[in-house]
Each structure stands twice: as C-alpha cells, then as structure tokens.
Amino acid sequence: DLFLHTLKDMYYAENQIVKSLPKMIEKAHDTTLRSTLESHLSETKQQVKRLEQIFQGLGEKVQGVTCAAMDGILDEAKDVMSDIGDPNVLDAGMLSAAQAVEHYEIARYGTLIAFAKRLGRSDCVKLLEETLAEEKEADRKLTAIAESQVNKKAA
C-alpha cells in the first residue's frame, strides 16, 4: 500500500512539474538554463509514461494523489518568478527552485526503488532506476550551470 501510495504521489508530482516547467522556460534568461529546462521537460514527460507502465504492470489504475510537498516547492517557485525583477537574480531563483524539485524527486525515487526491491518487483526497479538516473543528471547539470554562470551573474 505504501509503495502504491508513493507511486501515486510521484505521478501527481511529475504531472505538476510538466505543467510548471513551461512557465520557467519562458521566464529563463540564461540560454543554458533554458535549454536544460526544455530538455528536462521532455524527460519528465517520459518519466510520467514510465510511472504509467508501472501502474499497468501492477494491475492498478493510473492515478495520482495530491503531493503537498511538490505543491509547496512549485508554489515557492511561482513566488520567486513573480517577486524578482532582475533577470539574473530570477534565473538564480528559478534554478534553486528547480534543484529543490530534483532533490525531492531523488529522495522519493530512491525510496520507491528500495520498496520495489523489497517487494521483488524487478520490473519496477528497472523503470524507477532509469528515472532516478535522469533526476540525478538533471541535478548535476543544474549545479554546473549555477556554479559556472548563473550565480555569478546574480551576485
């Protein structure tokens, strides 16, 4: 039950991210940040499809449950986007918000993998590990962008 609930939580979260990323992409001034967010939007859509595969493999209805944590992180990102006028500071704020999203996802997918292994669901493990690797890579890219250019411009 906990595994299924956490899957539903992440399904909701990923769909909220799909809705939020286009707004961030539109507001991003740094071209590297924008292209990284665009690339991750495409990945996130694939991650939603993987979660749907997992639901189907479990014989469960594809559905989400409200994820208050992701809603809070995304609400904070919206606040940053509406409160900051300086484009360089805005990029740094959005990048920081994007990393908060990634860190939450990394934690949740790690937990889902541990649950799936315990349940003997190697089919789920494979799909979840693919998504976890993408989330970690997205976080690595965002860190590199922050350290090499965005945070310097915002300072």
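The values are calculated or read from the model by the stated rules, or taken from the named source; none is laboratory data. Everything numeric here is computed off the predicted structure, so don't read it as measured data. When we count neighbours, we look across all protein chains shown, and the Cβ atoms used for this are built from the backbone with ideal geometry, even at glycine. Protein only, heavy atoms only, side chains kept; ligands, DNA and RNA dropped before computing areas. Shrake-Rupley method; radii C 1.70, N 1.55, O 1.52, S 1.80 Å.
If you take the residues of region 88-128 that are closer than 22 Å to D1 by Cβ and among the acidic types (D, E), which of them is least open to solvent (accessible area, probe 1.4 Å)?
That would be E105.
For every residue, the table says whether it meets (1) out of contact with any helix residue (DSSP H, G or I) (no Cβ under 6 Å at 6 or more places or on another chain); (2) farther than 18 Å from A100 by Cβ.
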position	(1), (2)
F3	no, yes
S20	no, no
T31	yes, yes
K49	yes, yes
K61	yes, yes
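For region 22-47, which positions are part of a loop (DSSP other than H, G, I, E, B) and open to solvent by 20 Å² or more (accessible area, probe 1.4 Å)? Working first, answer last.
Step one: of region 22-47, the residues part of a loop (DSSP other than H, G, I, E, B) are 28-30.
The one that is part of a loop (DSSP other than H, G, I, E, B) and open to solvent by 20 Å² or more (accessible area, probe 1.4 Å): H29.
Can you confirm whether R50 is charged (D, E, K, R) and open to solvent by 40 Å² or more (accessible area, probe 1.4 Å)?
Details: charged (D, E, K, R): yes; open to solvent by 40 Å² or more (accessible area, probe 1.4 Å): no.
Answer is no for this residue.
Is there a residue being open to solvent by 40 Å² or more (accessible area, probe 1.4 Å) and in contact with a His (Cβ under 7 Å, 6 or more places away or on another chain) anywhere in region 76-87?
Quick first cut of region 76-87, residues open to solvent by 40 Å² or more (accessible area, probe 1.4 Å) only: 76, 78-79, 82-87.
Add one more test, that the residue is in contact with a His (Cβ under 7 Å, 6 or more places away or on another chain), and what stays is 87.
Yes, because at least one residue in region 76-87 is open to solvent by 40 Å² or more (accessible area, probe 1.4 Å) and in contact with a His (Cβ under 7 Å, 6 or more places away or on another chain).
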